């Protein structure tokens, strides 16, 4: 099995806690050979850990991209830099037998996102957006339960997402980063964190027709609203209510979580790390489905490897991530304008799961 050689851009917390553990699990498929970061000492610390010599450390992006041995470039930078750096990498590597991984969301603004959705075609280079919720086992299982009508036809859902940003920013967690506390992109925490949950809902139910949102304004920089409530109607007829509370705690257990109500029962996921999906049927039967938590990072890297070697398509493309980010911006627009917002134009945006035509297969066979 061929190992793909990876160049990392940004060796911060996302690399340390999310991508690097997945690369370790897939070390028979990937090999990290180069690191690029403005903080040379941080890069050196990681180089020592990865047993890389000083010649594999870069503070200038163009120098790392000039290497001939890279197969994959993995970009992990603050959201306001996502589009700028991804475009620069795509332009530099245009037409070469290489691939790009970009963290979500793909751009800080909807205008840049419009451009980002076409980068892959423009520069003839495969790009995957690392939206791990679309690869998490629990989301895939729930999607299949809905599609196979295990609880009958779905009536509606409720989902309540809570993060205690004010407390988390004082701990060794992602909100402790300055760029998250004072974001240079619209929406703050809902763009950075809430987009995951919205991607998950879109993965389960498909395209969104319309939504109407309300928000409670706050003075803190990390988010314009302490809580956002969204009524949503999907193109398949499912309706539901999504709440995003980023300024406090949900103390009662069990948590509200995600609850999906159907004609024959309901699906309940308390939180993503609980490891169990609960089904309760109208006839009194109950069922529990176990899953492996936090598997999204592994699955997305596995998918990208398979895509680059020609056995499956990329599951989360810039086009798909554009829809997730547009949903966030439509929520903010609905709050701001006090109007119902239209979201997806098309009913079908799901990735194709069939093998690609031979002419478009493996870049690295």
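Here are a few things to note about the model shown:
- Extended-chain gain in nm, criterion 0.36 nm per residue less alpha-carbon gap, residue 346 and residue 97: 86.5 nm
- Compared with the alpha-carbon gap, the fully stretched path from residue 144 to residue 338 is longer by 66.4 nm at 0.36 nm per residue.
- Förster radius 30 Å - calculated FRET efficiency between residue 293 and residue 40, Cβ distance, rounded to 0.05: 0.30
- Take the Cβ atoms of residue 253 and residue 62, set R0 to 45 Å, and the FRET efficiency comes out at 0.30.
- Relative contact order of region 226-346, defined on C-alpha pairs under 8 angstrom at six or more residues apart (%): 11
- Taking Cα atoms only, the orientation of helix 137-147 departs from the longest principal axis of the chain by about 50 degrees.
- Percentage relative contact order, the chain, counting C-alpha pairs under 8 Å, at least six apart: 18
- Protection proxy ranking, peptides 253-262, 100-109, 71-80, average beta carbon neighbours within 10 Å, highest first: 100-109, 71-80, 253-262
- Overall form of region 16-131 per C-alpha gyration tensor (a/c, 1.5; a/b vs b/c): prolate
- Once the Cα atoms are used to define both axes, helix 82-92 deviates from the longest principal axis of the chain by about 40 degrees.
- Computed per residue of the chain from DSSP H runs no shorter than four, each worth -39500 (n - 2.57), the mean residue ellipticity at 222 nm is -8500 deg cm²/dmol.
- Sorted by Cβ density within 10 Å, fewest first, the residues 115, 66: 66, 115
- Cα centroid separation, region 138-155 to region 77-98 (Å): 36
- If the chain linking residue 110 and residue 1 were pulled fully straight, counting 0.36 nm for each residue of separation and taking away their Cα-Cα distance, it would gain 35.3 nm.
- Helix 296-308 vs. the chain, principal-axis angle (Cα, 0 to 90°, nearest 10): 50
- Global form of region 1-77, assessed from the alpha-carbon gyration tensor, a/c cut-off 1.5: oblate
- The modelled label-to-label distance between residue 170 and residue 219, using points 7 Å beyond Cα along the C-beta direction, is 1.8 nm.
- Taking a ≥ b ≥ c as the square roots of the eigenvalues of the alpha-carbon gyration tensor, region 114-164 is classed prolate because a/c is 1.5 or more and a/b outweighs b/c.
- Centre separation in Å (Cα based) which lies between region 293-315 and region 188-263: 27
- Region 213-292: relative contact order in percent, alpha carbon pairs under 8 Å with at least 6 residues between: 15
Every number here is computed from the coordinates shown, using simple stated rules; none is lab data. All of these numbers come straight from a predicted model, not from anything done at the bench. Glycine also receives a Cβ, built like all others from the backbone with ideal geometry; neighbour counts cover every protein chain displayed.
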